[in-house]
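Data block below; observations after.
The values are calculated or read from the model by the stated rules, or taken from the named source; none is laboratory data. Just so it is clear, the model here is predicted, and its values are computed rather than measured. Counting neighbours? That spans all protein chains shown, and the Cβs are built from the backbone with ideal geometry, glycine included. Surface areas here come from the heavy atoms of the whole protein model, side chains and all, with no ligands, DNA or RNA. Shrake-Rupley method; radii C 1.70, N 1.55, O 1.52, S 1.80 Å.
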Amino acid sequence: MPWKIARSEALADPDAARHKILEKLQRLPELDNAEEEVIRVLLDAILMVEAYRGARHQITFLPEMTQGVDHLLRELEILDRADALAAV
């Protein structure tokens, strides 16, 4: 995904990274079941924070937690690409 925020970018300027994410999320109302997607990602974010709180080992279910985020980002990217194709 071309808009994906690099770890270095997020660490160097968290406010700019947040702004970039908010711009992308402006398209949420265009998704089917947007509310459901956001709830799933929010639950994963909470679990991720709790899992890493004081942990010194790899979280085994972290890959599964990122799937919801990846799905949402793919859906938003599809909208952007469809707009780009429609503009041609």
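Numerical summary
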item	result
Mean accessible surface per residue for the chain, computed with a 1.4 Å probe while every protein chain stays in place, in Å²	77
Label-to-label distance, nm, for residues given as residue 10 and residue 51 (7 Å Cα→Cβ offset)	1.4
Most fluctuating residue given options 55, 17, 34, as computed from a GNM of the chain linking Cα atoms under 10 Å	55
Rounded percent of accessible protein surface that carbon and sulfur make up, the chain, 1.4 Å probe	60
Span-like helix ranges in the chain, DSSP H, alpha carbon extent 20 angstrom or more, Kyte mean at least 0.5	34-52
Listed values (i) -0.40; (ii) -0.45; (iii) -0.36, entry calculated as log10 I(q)/I(0) by the Debye sum over Cα atoms at q = 0.12 Å⁻¹	(ii)
Computed E for residue 61/residue 82 - FRET, C-beta separation, R0 30 angstrom, nearest 0.05	0.35
Relative contact order of the chain, pairs being alpha-carbon contacts under 8 Å that are 6 or more residues apart, as %	36
Loop-located chymotrypsin sites (Phe, Trp or Tyr not before Pro) in region 1-75, at most 12 other Cβ atoms within 10 Å (DSSP)	3, 61
